[in-house]
Amino acid sequence: MSTQTSSVARVEPTAQRVALRCVGLVKRFADVTAVDGLDLEVFTGECFGLLGPNGAGKTTTVEILEGLTPSDQGTVELLGQHWTRGDDRALRERIGVQLQETQLAEKVTVVETLRLFRSFYQRGHNVDEVIRTVALEEKRNARVGKLSGGQKQRLAVACALVSDPELLFLDEPTTGLDPQARLSLWDIVEKFRAGGGTILLTTHYMEEATRLCDRVAIMDHGKMIALGTPAELIESLGADQIIEFSVTQELAENPLTQLPAVNHLHKRGEVYALTVSEIGVALPALLAEIKRQQSELVTLTTHQATLEDVFVSLTGRMLRDG
Amino acid sequence: MDEAKETLVHEAKDWRGSDKPQSLHPLFELTATRLREFTREREAVFWVFVFPVLMTFALGIAFRNTAPDKTLVAIEGNASDAKVSETANGLSRSSDIAVTVLSPNDAAQALRSGKVSIVVRPENDSFTYRFDPTRPESHTARLLVDDALQKGKGRADVVNVGEEKVTEPGARYVDFLVPGLIGMNLMGSGLWGLGFTVVIARSRKILKRFAATPMRRSHYLLSFMLSRLVFLVLQVAAIIVFAWLVFGYTVRGSWLSVTLMTMLGGFAFSGLGLLVASRPKTIEGVSGLMNFIMLPMWLLSGTFFSSERFPHLLQPFIQALPLTALNNGLRALMNEGTSLSSNMIPIVILLAWCLVSFVVALKIFRWQ
């Protein structure tokens, strides 16, 4: 949105080149419009994040971009080419794909799996080097069925990397992984990006998007509802702190929004969330107001605003509520 | 790759590699993966190799024809009765007859349950034969018993006859059975083996993942046919060697032509397996479809008895079935020792099944 217009004005030569662009993408399934008029631009060399809850249309979008699912409307341009539904092998040579739900054959070993994927491509990496990249040297000859969740996911990413792709699609690469496994996957993604690769990543973890992505598009109900760098999006809240609290007696909401340095009030169940620009000003005022309304604090926490708060303020829902 | 990328590559050089080829042609790698998956699955190995051998053994034993079995005859009455024992002695002199003496009730029961083929009831100066004329062995039994009894009472042969007994290897039931079992086995392993593997790969989204690579789709399907070929040789050899060791089965035709016919059959059923597996998303779905396709062939295609026994009206349909063609072709080559060129009909039928099913499967294959 605002970034799209500003990107035209930008003159850095590297950021100008578009690796992936889609315009007016629409995909309907029987009873639901999964993607509803989506425009995206991913620049060469950047890591672009599609952030949104489950069912926001992220996977459908990615699979359309990967040429696996035909769209009902709209155009996709990838590395200057289009999917033809015919012979797309030349284009497939240039992209790497990790699908959300693929379970690779369990009886085959890590190195055998990678050799198989490597054989599909004209050019690419040495299989053992990719194994080193994803830190699976010790599991080189282990069967896929014996790998942990994190190791399986690293292998799935390795299968996408083995062709040395220009553009890498990662669909929820760390969903269901423990923090340690997530960190090691992030390392792999960052290495790929450092090597000049372009990444389109979907996630519903805000910290993942914040850490990895240069720019983030927030999706909900098949539409893009915000676009920008993580910092820009958080800034757009006009706040850098969130105060969350609950009280014994329900509060009148109007006086709360009138408090100094408070930008926004959001109530979810018993919990009030105040978006504030200066916590030093807002917090004493809030405590006084609670007292004035003859209620008492039960819980109170504050944190730096995150992409999660951006999503909540835009949709009224948490990312993980789905 | 462009220069901008190359400079960035430089920084992360430690993990970027050369283009030294580590894997071979995709068709080779796909086939090797198939073989690995199969050989590492113990159950699959059992069903493909051990089961058919066990089946050959069981059926071969059940239907073995050693010296022709004696005809079982019951004499109704009491063993202490002079007339009964005299009749029993008379019949026992015939080498083709085994006699038991049973009470009327037991005799009736034995006849009903097929333990004896005929019941002889001695009366004052005559005999009564009780038998079921629709049972072929009862018919034979009647002739044998009658002959023995009449001779015992002094009937003389009018003309001298000589006998030449011929038991040709290749004409026994087990000889009929072995090519049929090979055919049935090729059908089963082609359909089950491929059908399940493909549908499992689809449900695990492996097919979708492959579709996202530049892999040629025909390579994927061909790899199934090639991997089947490897097993097929072993599988058929297992049955033939076993039948040779245990039943003295011999292949009369040339090994080359038998191998070619077997391969053709293997390809036809691999194609059919791919076709069956080209759409279903679940194991249940593909199982139903496979049973629907295999059941008629189990019954009609002449594995256990000749398909010629079915009504004339059904014959064009039966003869066009791939298993009928394969069984007929294998029997002609293995048992009659005919040449490939005299078996063009089964060859053409199998080729047609092979090509049509492969091409249609490739066309309608669901990758996700």
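Inside region A:99-123, residues that are buried (at least 24 other Cβ atoms within 10 Å of the Cβ) and more than 7 Å from chain B (Cβ to nearest Cβ) make up a count of 2.
Determine whether region A:137-153 contains at least one residue that is buried (at least 24 other Cβ atoms within 10 Å of the Cβ), under 27 Å from the mean Cα position of the chain (by Cα), hydrophobic (A, V, I, L, M, F, W, C) and within 24 Å of residue A:202 (Cα to Cα). If you could, list the steps in order and put the result at the bottom.
Taking region A:137-153 as the starting set, the residues that turn out to be buried (at least 24 other Cβ atoms within 10 Å of the Cβ) are A:153.
Now restrict to residues that are under 27 Å from the mean Cα position of the chain (by Cα): A:153.
Right, trim to hydrophobic (A, V, I, L, M, F, W, C) and you get none.
Scanning region A:137-153, I find no residue that is buried (at least 24 other Cβ atoms within 10 Å of the Cβ), under 27 Å from the mean Cα position of the chain (by Cα), hydrophobic (A, V, I, L, M, F, W, C) and within 24 Å of residue A:202 (Cα to Cα), so the answer is no.
Scan region A:111-127 residue by residue and report those that are basic (Lys, Arg), touching a residue at least 24 places away in the same chain (Cβ under 8 Å) and either in contact with a Lys or Arg (Cβ under 9 Å, 6 or more places away or on another chain) or in a helix (DSSP H, G or I) (or both). The answer is A:118, and nothing else.
In the set (1) assigned to a loop (DSSP other than H, G, I, E, B); (2) surrounded by 18 or more Cβ atoms within 10 Å (Cβ to Cβ), the condition left unmet by residue A:274 is number (1). Consider region A:80-110 and keep the residues that are in contact (Cβ under 8 Å) with a residue 24 or more places away in the chain and part of a strand (DSSP E or B). The one that is farthest from the chain's Cα centre (by Cα) is A:109.
Contact map, region B:207-220: first residue facing chain A (nearest Cβ under 7 Å), second residue buried (at least 19 other Cβ atoms within 10 Å of the Cβ) and among the hydroxyl-bearing types (Ser, Thr, Tyr), Cβ cut-off under 6 Å, separation 6 or more or different chains; pairs are B:209/A:102. Annotation: residue A:267 fulfils all but one of (1) closer than 30 Å to residue A:36 by Cβ; (2) basic (Lys, Arg); (3) in a helix (DSSP H, G or I); the unmet one is (3). In region A:145-157 there is at least one residue matching the filter, namely being closer than 22 Å to residue B:213 by Cα, modelled with pLDDT of 90 or more and facing chain B (nearest Cβ under 10 Å). Hey, could you check region A:164-189 for residues that are surrounded by 18 or more Cβ atoms within 10 Å (Cβ to Cβ) and assigned to a loop (DSSP other than H, G, I, E, B) and say which is modelled with the lowest pLDDT? Among them, the one singled out is A:177. Among the residues of region A:167-210, those identified as touching a residue at least 60 places away in the same chain (Cβ under 8 Å) and either outside the structural domain of residue A:56 (by TED's automatic domain parsing) or among the hydrophobic types (A, V, I, L, M, F, W, C) (or both) are A:167, A:168, A:169, A:170, A:189, A:199, A:200, A:201, A:206, A:209. Of everything in region B:40-61 that is within 14 Å of chain A (Cβ to nearest Cβ) and surrounded by 14 or more Cβ atoms within 10 Å (Cβ to Cβ), the residue that is modelled with the highest pLDDT is B:40. With respect to the conditions (1) at pLDDT below 80; (2) assigned to a loop (DSSP other than H, G, I, E, B), residue B:114 lacks only one, and its number is (1). Restricting attention to region B:246-286, the residues being hydroxyl-bearing (Ser, Thr, Tyr), over 21 Å from residue B:337 (Cα atoms) and within 17 Å of the chain's Cα centre (by Cα) number 1. In region A:58-79, of all residues being in a loop (DSSP other than H, G, I, E, B) and more than 12 Å from chain B (Cβ to nearest Cβ), the one that is surrounded by the most Cβ atoms within 10 Å (Cβ to Cβ) corresponds to A:71.
One residue is enough: does region B:87-99 have a residue meeting the conditions free of Cβ contacts under 8 Å to residues at least 24 places away in the same chain, surrounded by 16 or more Cβ atoms within 10 Å (Cβ to Cβ) and in a helix (DSSP H, G or I)? Checking region B:87-99: at least one residue is free of Cβ contacts under 8 Å to residues at least 24 places away in the same chain, surrounded by 16 or more Cβ atoms within 10 Å (Cβ to Cβ) and in a helix (DSSP H, G or I).
Just wondering, is there one or more residues in region A:58-70 that are aliphatic (A, V, I, L, M) and more than 28 Å from residue B:199 (Cα to Cα)?
No, every residue in region A:58-70 fails to be aliphatic (A, V, I, L, M) and more than 28 Å from residue B:199 (Cα to Cα).
Suppose we keep only residues that are part of a helix (DSSP H, G or I) and over 15 Å from residue B:33 (Cβ atoms) within region B:211-228. Which one would you say is farthest from the chain's Cα centre (by Cα)? Walk me through how you get there before you give the answer.
Restricting attention to region B:211-228, the residues satisfying the condition of being part of a helix (DSSP H, G or I) are B:211, B:217-228.
Right, trim to over 15 Å from residue B:33 (Cβ atoms) and you get B:211, B:217-218.
Working: B:211: 37, B:217: 32, B:218: 30 Å.
Within region B:211-228, the match that is farthest from the chain's Cα centre (by Cα) is B:211.
Screening residue A:84 on (1) more than 8 Å from every other protein chain (Cβ to nearest Cβ); (2) under 25 Å from residue A:203 (Cα atoms); (3) out of contact with any Gly (no Cβ under 7 Å at 6 or more places or on another chain) shows it passes everything except condition (2). A single member of B:223, B:203 is farther than 17 Å from residue A:113 by Cα, polar (S, T, N, Q), within 14 Å of chain A (Cβ to nearest Cβ) and in contact (Cβ under 8 Å) with a residue 12 or more places away in the chain, and it is B:203.
Looking only at region A:190-228, residues that are surrounded by fewer than 23 Cβ atoms within 10 Å (Cβ to Cβ), within 14 Å of chain B (Cβ to nearest Cβ) and part of a helix (DSSP H, G or I) come to 4 in all. In region A:89-98, which residue that is under 19 Å from residue B:205 (Cβ atoms) and more than 7 Å from every other protein chain (Cβ to nearest Cβ) is surrounded by the most Cβ atoms within 10 Å (Cβ to Cβ)? Filtering region A:89-98 for residues that are under 19 Å from residue B:205 (Cβ atoms) and more than 7 Å from every other protein chain (Cβ to nearest Cβ), the one surrounded by the most Cβ atoms within 10 Å (Cβ to Cβ) comes out as A:96.
Scanning region A:226-262 for residues that are under 30 Å from residue A:212 (Cβ atoms) and charged (D, E, K, R) yields A:232, A:235, A:240, A:244.
The values are calculated or read from the model by the stated rules, or taken from the named source; none is laboratory data. Only a predicted model underlies this, so the values are computations on that prediction, with no experimental measurement involved. Using ideal geometry, Cβ is built from the backbone for each residue, glycine included, and neighbour counts are taken over all protein chains shown.
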